[in-house]
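Note sheet for the following structure.
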């Protein structure tokens, strides 16, 4: 996980159309999109208002709730704080890109099985975040509750406390947390979710 | 959420019998509808999976702001920046000059609205600013970015007036409201003062609950479009029927000229119970510009315009005998409303019926301040009221040295204290006993501040919960198609409760059909009208109408000979008659909540270790979705106990905690294993399904259980919510009380 | 949010030249704070100079045994670097105590240091704020200030610096590397953030047009143990009410070296020099730790509603030092 690795080659940068708009290209769920966008447009608004991908939700628009979580180059991020123009050339995966055709991603299955949702508005962000959590734990990223006796860089076992801490960037007002923790634990136990369609598919 | 006491008629025994069999009466001839291949598992009480779950986990479920009609424009509101006054100058030129800006609506040019019952919807109609955050303009542009920029460029001048946003127990503006929850704002039974003075054991304590914000994860949003005089809006609402009716009144249209769709709603918790500004503004802007308009309210603006739980200042006095039996009980609350309209947080209501109390006084007083208009938030009245009452009970238990579970059991009334009506069912005592057993309540050392583990002090607490049974008139249509399928149409709303799922189960149960043969259409005002999702009354209200329509349909099918006509058979029923008659019973759900907490004596941080709710809420129709609702309510109660805190800034007049960074709602790490259990409560005096509401009772009782556990942990009684480190540290530093 | 121009640069020199040539330009890295503030109207750059793909995303060993952390190393990555976890646990812990997993994946080392206060008046452009608009006043002093400063504040500003990471860097005696039109320079992390004084609009010592390129850590002290602890209103994803970063070396029951810094108390990470003076050579006992904390916090001047921060900070410091001393004693 050496920093700097795994990023795609630069495209040479977005092409300015005028002082406030540029033409840029992003790959979303495996599909390349070339658009001319206002520099102010966030990745979240790009997805929702320009590409019709409304799975990523706008809960606060300030990085305080996690409903807009998507995967950028396989890592979870708050898309409401990402300017689209700065993400020219990047690969983005949204909740719409997780399932393999009709076959749900193991985390989507787990959320359904555990009833880990109510109103559903935070759910896409929770699921994308969980995809990121499973990969981060497998890649040895620690959390605040990872014991300091754990060997640096070794995969981290996702205990309930680990899941709670790592999923805390995704608020849920319906209070589905206990079920969400179970769903993430289920997916972690199967091991399928880490190498599932999610991170690599987009 | 409306607490109108809308009574009902008890279910006919035949109907109850019918679905208890798990299948319909034997058909007299085979038709696709009446010949299930094999006995079906009983759909009522089955843990059916959420009907729209797949759409929600794949991102396919569309919410109100996720419709973008061709040519759609975007709107961004401009909130007032003064707490009270008048608009004296409006300069929209700079905003209109920005690229892509279509219009700026103000009270000078906005469409005129008819006056109607809800003055919070009289938007952009006059120059008066009743509170900070009140909308004074709306920018409309081709893009979201341009609309926000334009809103920031609108210049508004004000003539300000002195304002007052601070409620106090001795505020000169306090008055007793005429009516609260169908009864008087203040009422007394017996002679409280004399009984309290004579009581051998007493508590006289004050509690405060700050203003609280619902903050559903989906901010209020609407997309509006006028087509040939017909208004279509997608609105984030708990009830599209009411939205349609109010829009019709505001725009002087017939309800048949408006379609309001609320197919998926990202939570509401009361904040979307009635129409909120977004739907009116979107419709106005769409009419003004001739374009479809989308408006999603910015999160930071919500506290100013969508309602909040008003702060409550409580005084609770209880007098009891040495045996613990209550002789005198007074619960008096002070709260605020706005100058726009009166809303009373009915926090003294539960004290009227919870416990034996031969002498009882309950008083609501409020003052109209220059504050945003408060409104419903999950269990309005019960949540703060039971926090105070159940905390006071715990204090009484300490005074009397009686176990707090036992104290509540000793004060369980045989009949509703005010009326003498029997309870349709009341299993609070069973909840306390069973819950205590499950939780491992006993053995319990009642002494506080003796369970130390390193820097932590541990404690346990209990509180009772209650929520009234409510039901309202609803209409439903049931259709049998020629191919053997069924379609139910009712304007219910699924705000995360699982309404689609449970209505499918009810229909399937009555019809004796597999659930996958039943389609349920909800969430549109073009469907038969229904009451909103609120007051924990949705399933009972909608479900009864669905039950009735399906029962009629079944009778029609049984009377029908031969194959069905191509158009199938359709029946429509409503529950006007059933819901019109008062019940001879007092009807409430009950529960008991048990909490274990740890308090870090260095930092004052309180964390909940365990939370267990034991409920008696009639028949649980879907244990899977019901558990989620109970647990979710308890978690909101955890937030109320430990972190949710807003305040009105006395200088500026707005809420100091206006976003999700400042206003803390529980995060995943705050929430331990939370258990919800229920008794199999049979109550024949409710509705044909035998269900009570479950959406709100979870938040009731939980804050007191946690607060009582904190006392047990540290030995200091904290009477102001939330229990944040500043308060617990101060208490830990003080000598034990 | 006003429209702005966008320029992606390929080198530090290009970035610095671009900034010098464009009034109203700001550097964009992770953007987690800048984009937030632009949406609030608090920041309104005319041009964003995107430095996000500059090769400043490496953590490198220094010849003296220290580490050089590129300004664009993501918070999550830095917390996971084995050299950081093993040699500077206080830094890894501080990073992991901040924000959320998503934000840590995006936020950078440089941006974290430069993040601005979360004071509610600063974030609301409809209200006065000396930091945002010098001379307009500080309503926080009489208003909502429970979360604000108890140390080093002025009549003009009572804001707190919100970074957890910065507190650890202050305790670690890190150095901030800056690159400007006039070349490179370094500032000690303890001096990088300013006290508000009469110019609260300036958060740090960074000059107009300067780019923060790296943070350097000195070699970890042999035998030292370090820890970060934070108290907050909810269990995760919340700013500190108060926090402490401590580095402690104990030999034979005596404090050989101690470095202590507080977060959440002031306009900058508060390096506790007075406490350290008390600790040096003192017995490593809870009593002496408390005495040291008191020596530092004697200077506290709490406002009406934030006095709790003083005993809270004291308790955090005593708790962390006691814990570290205990670990030292047990090997």
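What follows draws every value from the coordinates through simple rules; no lab data is involved. Since the model is a prediction, treat every value here as computed from it, not as a measurement. As a convention, Cβ positions derive from the backbone with ideal geometry for all residues, glycine included, and neighbour counts pool all protein chains shown.
Largest GNM mean-square fluctuation across A:164, A:40, A:75, computed for chain A with C-alpha springs under 10 Å, falls on A:40. Distance distribution P(r), the range A:15-97, all Cα-Cα pairs, bin width 10 angstrom from 0: 20, 56, 22, 1 percent.
DSSP beta bridges fully contained in chain B are about 75 percent antiparallel. Taking 1 over the mean of 1/r across every pair of different Cα atoms in the range B:582-644, what Kirkwood radius in Å do you get? Value: 14.0 Å, from the Cα pair sum.
When the alpha carbon coordinates of the range B:475-613 are projected onto the principal axes, the ranges are 78, 36, 27 Å, largest first.
Using a Debye calculation, one point per C-alpha and no hydration shell, please list log10 I(q)/I(0) for chain A at q = 0.08, 0.13 Å⁻¹ in order. Cα-only, vacuum Debye calculation for chain A: -0.27, -0.69. Across chain B, C-alpha contacts under 8 Å between residues 6 or more apart give a mean separation that, scaled by the residue count, equals a relative contact order of 18 percent.
Ranked by the mean number of other Cβ atoms within 10 Å per residue, highest first, peptides A:64-71, B:569-576 order as A:64-71, B:569-576.
Ratio of Rg to Rh for the range A:106-194: 0.96 [Cα atoms; Kirkwood radius as inverse mean 1/r over pairs]. When shorter helices are ignored and each DSSP H run of at least 4 residues is given -39500 (n - 2.57), the per-residue value for chain B at 222 nm works out to -7500 deg cm²/dmol. The three principal axes of the Cα atoms in the protein assembly as shown give end-to-end lengths of 92, 75, 65 Å, sorted in falling order. The Cα atoms of the range B:130-277 define a convex hull whose projected area, averaged across directions, is 15.4 nm². Over chain A, dividing the summed -39,500 (n - 2.57) contributions of all DSSP H runs of at least 4 residues by the number of residues returns a 222 nm mean residue ellipticity of -7500 deg cm²/dmol. With a 10 Å cut-off around each Cβ of A:141-149, the average count of Cβ atoms from other chains is 6.
At 222 nm, what value in deg cm²/dmol follows for chain C if DSSP H runs of at least 4 each add -39500 (n - 2.57) and the sum is divided by all its residues, to the nearest 500?
Helix-only estimate at 222 nm: -8500 deg cm²/dmol.
If one computes P(r) from the Cα atoms of the range C:1-131, what percent of pairs lie at distances over 17 Å?
The calculated P(r) of the range C:1-131 puts 64 percent of pairs beyond 17 Å.
Sorting check: for B:175-183, C:65-73, C:168-176, which peptide has the highest mean count of neighbouring beta carbons within 10 Å, and how do the rest follow? Could the numbers behind the result be given before it?
Numbers: B:175-183: 14.7, C:65-73: 22.4, C:168-176: 26.9.
Ranked from most to least packed, the peptides come out as C:168-176, C:65-73, B:175-183.
Peptide C:56-69 has a mean of 1 when you count, residue by residue, the C-beta atoms of other protein chains within 10 Å of its C-beta.
If I take all pairs of Cα atoms in chain B, what percentage of them are more than 54 Å from each other? Walk me through the numbers before you get to the answer.
Details: 28157 of 271216 pairs.
That fraction is 10 percent.
Remark: mean inter-chain Cβ contacts per residue of A:37-45 equal 5, using a 10 Å Cβ-Cβ cutoff to other protein chain atoms. Beta bridges assigned by DSSP with both partners in the protein assembly as shown are antiparallel in approximately 80 percent of cases. Length, then width, then depth: along the principal axes, the Cα atoms of the range B:307-369 run 48, 16, 16 Å.
Note on the range C:1-53: the C-alpha convex hull projects to 3.3 nm² when averaged across all orientations. Listed peptides B:534-544, B:723-733 appear in the order B:534-544, B:723-733 once ranked by packing, highest mean of other Cβ atoms within 10 Å at the front.
Jot down the per residue volume, in cubic angstrom and as a whole number, of the convex hull over the alpha-carbon atoms of the range C:225-329.
Residue-normalised Cα hull volume stands at 90 Å³.
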